[in-house]
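This report refers to the structure that appears directly beneath it.
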Amino acid sequence: MARSHVCSGCGNELATLRAPPDPIYKLHLVICPRCERPSVRTRASVELGFRRVKRAARSWLALLAQAIMLALFLTAIMAPYLRIEDLILRDWRLGWGEAIRAITSGTLTDETRDADAMAMLGVPVGIFVAGAVGLGAWLRFGLGHWKLPVSHGVWIIVVLSFLTVPPLVELARSQFITGHVRIDGLAADERVGRLAAACASALVAIAGTPLGRMLDQTWKRQRARLLAKRRRKIRELRRPPA
């Protein structure tokens, strides 16, 4: 049902008449068929307020979605890394250099000799890589208005900030292992490993950029079709009757 629009001159109801924009002032004018007095059709304050609330809600929902995606990828990338850190630095008691040489050469020490050693590392490494690829898609699709060096640099800063908060580190580590011993402070190997993990995740994320670009282009095409459909409908409504 159309909103009531009464002529200010004679009180005639004008709601059923079209209000095409004036060619000069671009105002939506209605000419009363009874007294021929022009009236400007404006939007109600309630409708304008509703539109403002709707725009604000859309912005807050977008911000909430970005925060959820950030928490998701932080967990998907840092939880497996912390599992690897626990295996090498605490369970196997090796430094990063020793562990890399032992794994690449296939000769693990007596303390780390285990038939399931590579399987224990393979699962968190696979999750780390998959999470980093998904991160690249999100950085390109969700934060495409940022340049690539900026978005990846901000990600490294966020990861390093995350890894310096012990409660968050313990929460992420608990996703893979329970009953671990909490260690206050960071040893040199931990600092180097976490910096390397943050940089590695940003580098691997580049592999997900094409996926994010494809999602971004698909979204823009769908949005362009929707806007074109809306514009056609508005032109039909504003078209004066024959």
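Miscellaneous remarks
- FRET efficiency for residue 25 and residue 232, using Cβ-Cβ distance with R0 set to 22 Å, rounded to 0.05: 0.35
- In the assembled protein chains, residue 154 presents an accessible area of approximately 60 Å² (probe radius 1.4 Å).
The values are calculated or read from the model by the stated rules, or taken from the named source; none is laboratory data. Here the structure is a predicted model, which means the values were calculated and not measured. All Cβ positions, glycine included, derive from the backbone under ideal geometry; neighbour counts span all protein chains shown. Side chains included, ligands, DNA and RNA excluded: accessible areas come from the protein's heavy atoms. Shrake-Rupley method; radii C 1.70, N 1.55, O 1.52, S 1.80 Å.
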